[in-house]
Structure formats: C-alpha cells, structure tokens
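Note sheet for the following structure.
The values are calculated or read from the model by the stated rules, or taken from the named source; none is laboratory data. Note that this is a predicted model, so its numbers are computed, not measured. For neighbour counting, all protein chains shown are included, and Cβ atoms are generated from backbone atoms with ideal geometry for every residue, glycine included. The area values use the complete protein model at the heavy-atom level, side chains included, leaving out ligands, DNA and RNA. Shrake-Rupley method; radii C 1.70, N 1.55, O 1.52, S 1.80 Å.
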Amino acid sequence: MTVPAQKPARKLSMKQRYSALTHDLNWTPTYVPEAEAFPYTTFEGIKIHDWSKWEDPFRLTVDAYCKYQAEKDRRLYAVLDSFAQSQGQLGLSDGSYLNAMKLFLQGIASEEYQAHRNFAYLARYLNGPGPRFAALCQSLDELRHAQTEIHALSHYNKHFTGFHDWKKMHDRVWYLSVPKSFFDDAVTAGPFEFLIAIGFSFEYLLTNLLFVPFMSGAAFNGDLPTMTFGFSAQSDESRHMTLGLEAIKFMLEQDEDNVPIVQEWLDKWFWRGYRLLALVAAMMDYFLPKRVMSWKESFELYFEQQMLGGLFPDLAYYGIRPPRHVEQAIEEKEILSHQAFWILYQFSHAAAFQTTVPDAAAQEWLTSAYPETFPKLYQPLFEKAQEVMDGGGRFFNMGLPQLCQVCQIPMGFTEPGDPTTICQRHSIFKGERYDMCSDGCKWIFDREPEKYVQAWLPVHQIYQGNCGGPTIPDVLAWYGMQPDDGGDYLGSADHQAWTAWHATAAKEG
Ligand code: FE
Ligand code: ZN
C-alpha cells in the first residue's frame, strides 16, 4: 500500500489572504442608487471612475488593530502611573519646559478630536470599502490620540498652572483660534479636500515638523509621559502618512481633470499648515530649556530635503508642482520662530503659558543657529525687554493686535526680502476690507472669500463685546484663565514652586 503524498497547503500571499478574508464584507446596495448612498463625493468636482482601485494598503483586521492598540495603551498607562507615583515632574530639565506642553495641550488635543470626528464621517461616506476602513482606523487612532494626550499631560495639572481649562480655552482664546480655525476650515470642506488638507498636507507633508520636535523635545527635557505618548502614536502616524499619500495618488490617477483641483488644495493647505507651524517654530527655538534642533534645521531636513527633494519630483509625474508660496516659507526659515515668539512674548499677560527673555546661554545658541538674523534683528528686542525687566517692569503690549483674516495670527510677519517692515495685504469683498498677513493668506482668502469673511476673529469679538467685557480681567475670566496662568516665567507661581521643590531636594540630599 502506498501512502498518498500529502498535498502541500496552497500558500496565499498576504494580499491574497487579506482579500479572501475581507472580500465579501462589502456589498453593493441594490435598493438605493450609489449617488444617494454616498452623496458627498461628487460636489467638489473630483472624478472617480473606479473606487476598487483604492486598495487598503494596511491589510489590517479589526481584531489585529484592537490587540495592537490595547498593548500600546497598557505600556503607556504603566509609564504614566509610575511617573506620577515617583513625582517624575521633579526630574524635568526645568519648570519652564512645561510652557511648551501647555501650548500643546491647549492647541492640539482638541484638533485630534476634530480629526477623529471627520475621519468617522469619511468612514461612512467614502464610496470604496478600502478607504472607508482606512478612515475608520484613523478615526479611532485620533480619538485615542486626544485621550492619551490629555491623560499624559493631566499629571502636570496637579502641580503647574495652565493645564486646567484647555477645552474651554481652545474655543475662546486668541492664540488658540489659530489651530482651531485651521481645523474648522478643514472639516467644513468636502471629503476630498479634507483628505488633501489633513491626510496629505498635514499628515504627510508637515507632520514630522510637528511631531519630531515635540517628542524629541520631551525626551531631551525629561518628559517621559509625552515621550511615551509620542512613541505610542508614531506607528499610527506612519499609517496616516500612507493614507494621505494613497489618497492623493488615487485622485491624481483617476482622472486628469482632478489634477488642477488637487494642486489648488495643495497650494492652500501647504500655506495654512505652514502658518500654523509658526507656533511650533517658536516652541522649538524658545520654549525648550534643552533644545533639539533649530526650526531652520528641521525645516531644511523634513521639508526641503524630504518633501521638496524627495516627494515632489515623484508627484511631477502626475503634473503636480511644489506648493505655491513655498519660496516664501523657505526665505522665512531664518526669521519665523523669532517673529512668532516675539508675538507670544508681548502678549503673555493674556495667555495661559509664560515666556521670558532667553538667558545668555539661549541667546548664544540662537546666535549660532541664526548667525545672519538673530544678533542683528532680534537680540536688540530682547535687550530692550531685559532693560525693562531690570527696571522692575515687564514689557507687555496692552493693545489688541490686528489679526490675519485667514491664519488668525497677529500681524507680525514681514515683507518678503525685508525683515524690518511688517507685511500687510488686503482685499475688498462686498464693500468691506479684510486684512491678511502674507501673499499666501491673501491668495487663500481671494479664492473663497465667502468662507473667510465668516471667520471668528478673537480681537473683533472682544471689540464687539462678545468676550466677557471690555477689560483684560473680564476677557481673561471669560477665557477660563486663572491669575497665575500667564505673564513672565521668572517669578511666576510655577517658577517659585519649582525653585522651592529643588531647594528642599538639595537640602534633603
Ligand atoms: Fe493624531
Ligand atoms: Zn495669515
């Protein structure tokens, strides 16, 4: 008798296995026409001929996704617990470091939640099952990011100012209208524009400029909770980048008519994202006691080399060119962080973070990072501010600044080629004048004036009496701020507490 040779099991590739596992999970509705089931994917003018061409590049199952995320959460929350139990805040590089994290919690956590909501909408309304599932995963990721950021930073709320009312502040405070209006703009766009705005421009083009400095800044400065959160979000981030790239390529490949539409969105969202990152530039160069790299270096590495040098030559194949106004951003790398910080410095009395004049070592670092611009243009400002401090005062700007109608940043940026003249542009729409900070913001306004005339500009709202009252204390109370939240760091409640804790530790040690 012969034993029949066993038939070898047919090996399926990953891709085949995944499609065998998922192929009948999607169906075509028979009793509703496609246009009724998916009503939002046509009005922007994007033409899609074959949704099945959008493949889910992750080949992730719900089961695997949940197990993986749960494991990361377990690790993160173990770190958070032990940090709290061992009073880890005492090991930070300096108490002033947390001003960067106040800005992060107030400015970013709510945007993660906004992203969660809009990806949930895409998970319902994109026509193809591949993009719907990818959007579903990203929606869950973003919810988790919001939660883990809030939890990671909540420990500091027990010991430091500025962490207490981030959600209320996000809806009301002048500098937080910058990130808020950015996301409001994105979630009120159509689904394809949102994919270019957040999925591509934000997650792909610019995310390294946001995440790397924050996370390595945290590592350099002893902030274990933020660093661990960052690692836990990083694997999600690489999926988000893949989705963004997949989205733009899909649109470009589906129809040639999509190219000019996508190009304009890219032009718009590059500039909007870049303007938002002015806050990150200030954070990197001025808020971190131990600095990682300068804004200029990080812009050169993550944007000029990786994006302009690496990605755009590939996109040229589809007829896509680098974003409009990119030369302006490149030129500004020498001045952006200083101009943004100078705005934050002047208005710190109306903020829920503290700033101070960079000390001698910091000024030396700024000089070596920006030899062409810092000593000549910005050091003199800090010398003057220091003189005021030496006389027992503090320079605060007691006026209300004019805001850009698009990015909502106070008008503090300068003319191309002339870093000593404030840049201002304006447009007339239906007989009214609107002011913008730059050619980039003006171009965005002129494309969709009907949208931007509706902007909720914090300064205008104060003048109209919608922010608690006519005095600074009225407005700050309405913002949800407490008396110790803002001002100069030196002598602040945080600074005093930090000094006292370390004096005790030195005595005991
Ligand atoms: Fe996120
Ligand atoms: Zn602007």
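Numbers for the structure displayed
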read-out	value
Positions within segment 114-159 being surrounded by fewer than 23 Cβ atoms within 10 Å (Cβ to Cβ), among the hydrophobic types (A, V, I, L, M, F, W, C) and away from ligand 1 (no atom under 16 Å from the Cβ), in sequence order	Phe133
Residue count for segment 309-327, restricted to those that are open to solvent by 10 Å² or more (accessible area, probe 1.4 Å) and under 20 Å from the mean Cα position of the chain (by Cα)	2
Matching residues, segment 402-420, being over 15 Å from His325 (Cα atoms) and away from ligand 2 (no atom under 16 Å from the Cβ)	Asp418, Pro419, Thr420
Leu276 being open to solvent by 10 Å² or more (accessible area, probe 1.4 Å) and either more than 16 Å from ligand 1 (Cβ to nearest atom) or over 17 Å from the mean Cα position of the chain (by Cα) (or both)	no
Residue in segment 152-166 that is in contact (Cβ under 8 Å) with a residue 12 or more places away in the chain, away from ligand 2 (no atom under 16 Å from the Cβ) and under 15 Å from the mean Cα position of the chain (by Cα) present	no
Condition met for Gly399 (modelled with pLDDT of 95 or more, assigned to a loop (DSSP other than H, G, I, E, B) and either more than 12 Å from ligand 2 (Cβ to nearest atom) or out of contact with any Cys (no Cβ under 9 Å at 6 or more places or on another chain) (or both))	no
Among residues of segment 421-445, those that are within 18 Å of Trp456 (Cα to Cα), within 13 Å of ligand 2 (Cβ to nearest atom) and either free of Cβ contacts under 8 Å to residues at least 40 places away in the same chain or out of contact with any Cys (no Cβ under 8 Å at 6 or more places or on another chain) (or both), counted	8
Residue check for Ser337: closer than 30 Å to Asp446 by Cβ, open to solvent by less than 50 Å² (accessible area, probe 1.4 Å) and away from ligand 2 (no atom under 16 Å from the Cβ)	yes
Given (1) part of a helix (DSSP H, G or I); (2) within 22 Å of Trp443 (Cα to Cα); (3) of a type in the set (A, V, I, L, M, F, W, C); (4) open to solvent by less than 40 Å² (accessible area, probe 1.4 Å), number of the condition Ile330 does not satisfy	(4)
Hey, Ile472 more than 11 Å from ligand 2 (Cβ to nearest atom), more than 20 Å from Phe183 (Cα to Cα) and buried (at least 16 other Cβ atoms within 10 Å of the Cβ) or not	no
Output for segment 398-413, where each listed residue is β-branched (Val, Ile, Thr) and open to solvent by 10 Å² or more (accessible area, probe 1.4 Å)	Ile409
Pairs with Cβ under 7 Å, 6+ apart, first in segment 204-232 and closer than 20 Å to Ala282 by Cα and open to solvent by 10 Å² or more (accessible area, probe 1.4 Å), second charged (D, E, K, R) and in a helix (DSSP H, G or I)	Phe211/Glu237
Among (1) closer than 27 Å to Asp165 by Cα; (2) in contact with a Ser or Thr (Cβ under 8 Å, 6 or more places away or on another chain); (3) buried (at least 22 other Cβ atoms within 10 Å of the Cβ); (4) aromatic (Phe, Trp, Tyr), the one test that Tyr370 misses	(1)
Matching entry among Phe250, Phe229 (being more than 16 Å from ligand 2 (Cβ to nearest atom), in contact with a Ser or Thr (Cβ under 6 Å, 6 or more places away or on another chain) and assigned to a helix (DSSP H, G or I))	Phe229
Some residue of segment 197-219 being part of a helix (DSSP H, G or I), within 16 Å of ligand 1 (Cβ to nearest atom), at pLDDT below 90 and among the small types (Gly, Ala, Ser)	no
Filter pass, Ala134 being free of Cβ contacts under 8 Å to residues at least 60 places away in the same chain and more than 28 Å from Ala278 (Cβ to Cβ)	no
Flag if Asn157 is outside any helix (DSSP H, G or I) and in contact with a Phe, Trp or Tyr (Cβ under 6 Å, 6 or more places away or on another chain)	no
Residue match in segment 45-66 (condition: under 30 Å from Leu243 (Cβ atoms), over 25 Å from the mean Cα position of the chain (by Cα), of a type in the set (Phe, Trp, Tyr) and open to solvent by less than 30 Å² (accessible area, probe 1.4 Å))	yes
Ala455, sole failed condition from (1) more than 30 Å from Ser93 (Cβ to Cβ); (2) modelled with pLDDT under 95	(2)
Helices (runs of 4 or more DSSP H) wholly inside segment 405-509 containing at least 2 residues that are within 24 Å of Phe347 (Cβ to Cβ)	439-447, 458-463, 472-479, 493-508
Filter pass, Gly162 being open to solvent by less than 10 Å² (accessible area, probe 1.4 Å) and not in a helix (DSSP H, G or I)	yes
